[in-house]
Amino acid sequence: MADLRVRALRSREDLEGCVRIQREVWGHADLDITPVHHFRISVETGAILLGAFAGRTLIGYVYSFPAVLDGILCQHSHHLAVLPEFRRRGLGLALKRAQRREALRRGYRLVTWTFDPMKAPNANLNLHALGAVGRKYLDDFYGPTPALVLAPGVPTDRLLVEWKIATKRVRDRMAGLCPEYNPARMEKAVEAKPRGTYPAIVPGRPDLRRTEPRLLVELPPDIRELAAVPGLVGRWQAAVRSALKSYFRAGYRLDDFIAGERSFYVLIKQRASPTAA
């Protein structure tokens with residue numbers, strides 16, 4: 001967007017705009033809304049809160065706060081929200097770029113966040129475009145919060161990702177230098193059963209015995225389209241959960257994402273310690 005402007009948010013009007021966006025983007029009930037007074041004290045004590053503006057209108061924001069992961073001081077990115085009518089214009093990426101610049105300016109080298117492992121667009125942004133990596137799967141992390149569940153009875157699983165913002169990997173991704181893969185030539189730990197008719201596609205049984213240095217875990221391109229088939233979202237989540245947790249224990253990490261008509265997580269066998277970049 002030619003008229004996009006990103007700046008820090010501090011005024012009461014700014015913070016009220018963040019509350020408005022939460023309601024419009026996520027449909028949260030008041031109980032689940034991060035309120036103005038929380039943003040106010042967070043910003044005063046080290047949080048990063050940046051907003052994207054079209055003209056004078058706040059259309060999205062990114063919010064992180066100081067945290068510690070495995071003894072390392074970091075920023076934990078809790079919100080990234082863009083109004084629906086402004087999506088698919090690169091605003092999420094623009095906000096994360098701005099967050100990275102500000103975190104580096106403050107001396108941070110690590111930003112973390114969680115996301116729903118079943119949402120392919122988020123996985124593509126986080127792992128492919130930004131260069132974050134994942135090593136930890138969190139079962140039903142937020143509990144039965146109505147605004148966060150994908151379908152009735154489906155747990156609110158999350159992946160915790162690490163964005164090592166000062167590394168060459170991340171600098172390359174910021175410059176648009178992303179690796180390319182040929183899924184047809186790569187082994188799969190999870191893939192859709194053949195001959196399924198979309199959206200009624202079902203996952204095959206996870207193969208948890210593979211040892212190749214790179215493995216793929218298939219993910220439906222749009223999990224929301226599967227919600228019309230009872231139980232299907234839960235079946236996919238169970239298959240992905242089983243594979244990712246098993247291969248994390250075996251020393252793999254989530255390293256990338258392949259988006260397309262068929263979408264896949266890319267797992268790689270780590271050669272260094274789990275804390276290496």
Q. Taking neighbour Cβ counts within 10 Å as the exposure measure, how do V6, V233 sort from fewest upward?
A. V6, V233
Q: Treating the angle as unsigned and between 0 and 90°, give the value, to the nearest 10°, between the Cα long axis of helix 12-26 and the longest Cα principal axis of the chain.
A: 20
Q. So for the range 1-145, taking the charge dipole from beta-carbon charges (+1 Lys/Arg, -1 Asp/Glu), which of V25, P144, T45 sits furthest toward the positive end?
A. T45
Q.
How would M174, M186 line up from fewest to most surrounding beta-carbon atoms within 10 angstrom?
A. M186, M174
Q: Quick one: which residues, 5+ away or cross-chain, put their amide H under 5 Å from the amide H of Q270? H built at 1.01 Å from N.
A: Y252, R253
Q: Starting at the first residue of the range 168-185, write each ³J(HN,Hα) from the Karplus equation 6.51 cos²θ - 1.76 cosθ + 1.60 with θ = phi - 60°, in whole Hz, x for Gly and Pro.
A: 4, 3, 6, 4, 5, 5, 5, 8, x, 8, 10, x, 10, 10, 10, x, 5, 9
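Label the range 1-44 by shape, choosing from rounded, prolate and oblate, from the square roots a ≥ b ≥ c of the eigenvalues of the Cα gyration tensor; if a/c is under 1.5 it is rounded, and otherwise prolate applies when a/b is larger than b/c, oblate when it is not.
oblate
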Q | For the range 1-109, size of Cβ-based charge dipole, Lys and Arg +1, Asp and Glu -1, in debye | A | 560
**Q.** Stretchable slack from R20 to R205, in nm (0.36 nm times residue separation minus alpha-carbon distance)
**A.** 62.4 nm
Q. How big is the gap, in Å, between the Cα center of the range 40-94 and the Cα center of the range 156-186?
A. 20
Q) Out of residues 5 or more away from H79 or on other chains, whose amide H comes under 5 Å of its own, with H placed 1.01 Å from N in the peptide plane? A) Y63
Q.
List the residues, sorted by chain then number, that are 5 or more residues from K136 or on another chain and whose placed amide H is less than 5 Å from its amide H.
A. L160
**Q.** Alpha-carbon centroids, the range 4-20 and the range 109-148: separation in whole Å
**A.** 24
Q: Measure nothing but the geometry: give the 0 to 90° angle between the long axis through the Cα atoms of 91-105 and the longest principal axis through the Cα atoms of the chain, rounded to 10°.
A: 70
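With n ≥ 4 as the cut-off for DSSP H runs, can you work out [θ] at 222 nm for the chain, using -39500 (n - 2.57) per run divided by the number of residues, rounded to the nearest 500?
Calculated mean residue ellipticity at 222 nm is -7500 deg cm²/dmol.
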Q) If each residue's Cβ is checked for other Cβ atoms within 10 Å, how do Y181, Y137 rank with the fewest at the top? A) Y181, Y137
(Q) Output wanted: per-residue J couplings in Hz (rounded whole) for the range 115-121, from phi through Karplus 6.51 cos²θ - 1.76 cosθ + 1.60, θ = phi - 60°, x for Gly and Pro. (A) 8, 6, x, 8, 9, 4, x
**Q.** Residue-by-residue Karplus 3J(HN,Hα) for the range 69-79, coefficients 6.51, -1.76, 1.60, Hz, glycine and proline x
**A.** 10, 6, x, 9, 5, 8, 9, 9, 8, 9, 10
Q.
Given axes a ≥ b ≥ c from the Cα gyration tensor, I'd like to know whether the range 1-108 is rounded (a/c under 1.5), prolate (a/b larger than b/c) or oblate.
A. oblate
Q: Using Cα pairs closer than 8 Å and at least 6 residues apart in sequence, work out the relative contact order for the chain, in percent.
A: 14
**Q.** Length-normalised contact order for the range 129-277 - Cα pairs under 8 Å, 6+ apart - percent
**A.** 24
Q) Using a basic spin-label model with each label point 7 Å from the Cα along Cα→Cβ, how many nm lie between R235 and R106? A) 4.5
Q. Taking the Cα centre of the chain as the origin, how large is its charge dipole in debye, to the nearest 20, when only Lys and Arg (+1) and Asp and Glu (-1) carry charge on their Cβ atoms?
A. 880
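No value in this document is a laboratory result; all are computed from the given coordinates. Worth saying up front: this structure is predicted, and the values here are computed from it rather than measured. Positions of Cβ are generated from backbone atoms using ideal geometry, with glycine treated the same way; all protein chains shown enter the neighbour counts.
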